[in-house]
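Here the structure comes first, spelled out in structure tokens, and everything after it is commentary.
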Amino acid sequence: MPIVIARDSHTISRANISRNAIRVLTQLQNAGYEAYLVGGGVRDLLLGREPKDFDVATNALPEEVKSVFKNCRLIGRRFRLAHVYFGREIIEVATFRSNRQPEQDGERHAENGMILRDNVYGTVEEDAQRRDLTINALYYDVGDFTVIDFADGMSDLQNGVIRLLGDAESRYREDPVRLLRAIRFAAKLGFIIDPETESPIQSLAPLLSDVPSARLYEEVLKLFLGGSALASFEKLRHYGLFGQLFPATEEALSHEDHDFPITFVNRGLNNTDTRLQQDKSVTPAFLFAVLLWEPVRLGYEAQLTQDLLPAEALQTAANDVLREQIKHVSIPKRFSYPMRDIWQLQPRFEQRQGKRPYRLLSHPRFRAAYDFLLLRAEAGEVELELSKWWTEFQHANSEQKQNMSGQGRRGRGRRRKRRGKNSQSNKPSDE
């Protein structure tokens, strides 16, 4: 039996819930359907955090949700969902799901225990048992302000425990992405993983190879762009999951560089967390450039021994790494092209004489490439003097820039030479 937690025994306030989410809940209930706020929104509200989004669960079928809201669109094949649009805000509405065997062919499809399509609908109790973590099986009723706890999730939330509902190994096999979700929430919330939930993770890590690379791309963004990138990275490596996502990077990190551990990725992910804490922008292009730099750098150094020019060697190394990487985690071209630019500009920072630093400074990707250079300097990959020079060059005035790049000295020399030539040509002849 579920535990019903009255309003005076929990901390959720309607004032902290999106007005559009309340509108969706209210309209569905007024239309005669059950409807609850569920999942991460309820969890975060109970933890005193600001939810990223608000999801709704209901007994209304997707087509019935669409009939209630004109601003609704049905999406998905694996899981049929309704999206209700309010300008830029989208409230996702999912119909209660069940573990019952489907009555019609095509409602559920699984291969090797992994669910590929699932549109078998059920009750709220059945829906709760289908959720992955106990802390995500909490339902908020906007009608009477109660929280309904179907899996002792409130206790786990208070004790800081990540626990899968049901048999852990079976749940991981149903959807291997749950391996990543357990890690993500443990890192994000600072919770420990329940021993039974933790035990199968390492042995089942290879199951991630069966997950489409496009889906893993979305999961990687959640892992590393949610404010806990460094903690997620450390846990992924600890449980043997990172190598399933980025095998070339894992191989590079397993070695030392000149007897020192490679710290570039750690510094890059810590920098990402810091920027998010400061409400600064982050881009997947920079994130993936950081995550893949070590194998690219090693490939670049190997290509240089083949007497290739630096630009050609770096391009070849980048192509090789990306060709293999997209087999595991896909990277959209809108991000892979800026990544290449960030990498390709790195050797050009060594060129500080003449007009070359001016041309580099005007490059559209200069700022991202410069931030990347700073990380390389912090990790000891390049001299700190190089990054300091470029920091000073950006903020220098025109005369200072000329002196730093050698333009000023050469320019004055040319002007003196021209003046000398002109004075000789204008001098009266002694003849």
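No value in this document is a laboratory result; all are computed from the given coordinates. Because the structure is predicted, anything quoted here is derived from the model rather than measured. No Cβ is skipped: glycine too gets one built from the backbone with ideal geometry, and neighbour counts run over all protein chains shown.
Odds and ends about this structure:
- Net charge of Cβ neighbours under 15 Å - reference VAL382; Lys, Arg +1; Asp, Glu -1: -3
- Amide H contacts under 5 Å for PHE86, placed H, 5+ residues apart: ILE91
- Inter-probe distance in nm under a simple model that places probes 7 Å from Cα toward Cβ, at SER213 and ARG275: 2.4
- Over 18 Å (Cα to Cα) - which of LYS188/LYS235; LYS188/LYS327; LYS355/LYS401; LYS52/LYS235; LYS52/LYS188 fall in this group: LYS188/LYS327; LYS52/LYS235
- Amide H contacts of ASP55 (H built 1.01 Å from N, under 5 Å, at least 5 apart or other chain): VAL38, GLY41
- Summed side-chain charge close to ARG334 - residues other than ARG334 whose Cβ falls under 14 Å, Lys, Arg +1, Asp, Glu -1: +2
- Cut-off under 5 Å, modelled amide H: who pairs with ILE262 long-range: ASP257
- Restricting region 36-77 to trypsin sites (Lys or Arg not before Pro) that sit in a DSSP loop and have at most 14 other Cβ atoms within 10 Å of their own Cβ leaves ARG49, LYS52, LYS70, ARG77.
- Acute angle (nearest 10 degrees) that the helix 229-238 long axis makes with the longest principal axis of the chain, alpha-carbon atoms: 70
- Euclidean distance between Cα centres, region 158-178 to region 254-319, Å: 33
- Euclidean distance between Cα centres, region 224-243 to region 326-389, Å: 24
- Selection of trypsin sites (Lys or Arg not before Pro), region 355-411, meeting DSSP coil and at most 16 other Cβ within 10 Å: LYS355
- Residues GLN306 and LYS333, FRET efficiency given R0 of 25 Å [Cβ-Cβ distance, rounded to 0.05]: 0.35
- Region 118-199: radius of gyration over Cα atoms, expressed as a fraction of 2.2 N^0.38 Å: 1.12
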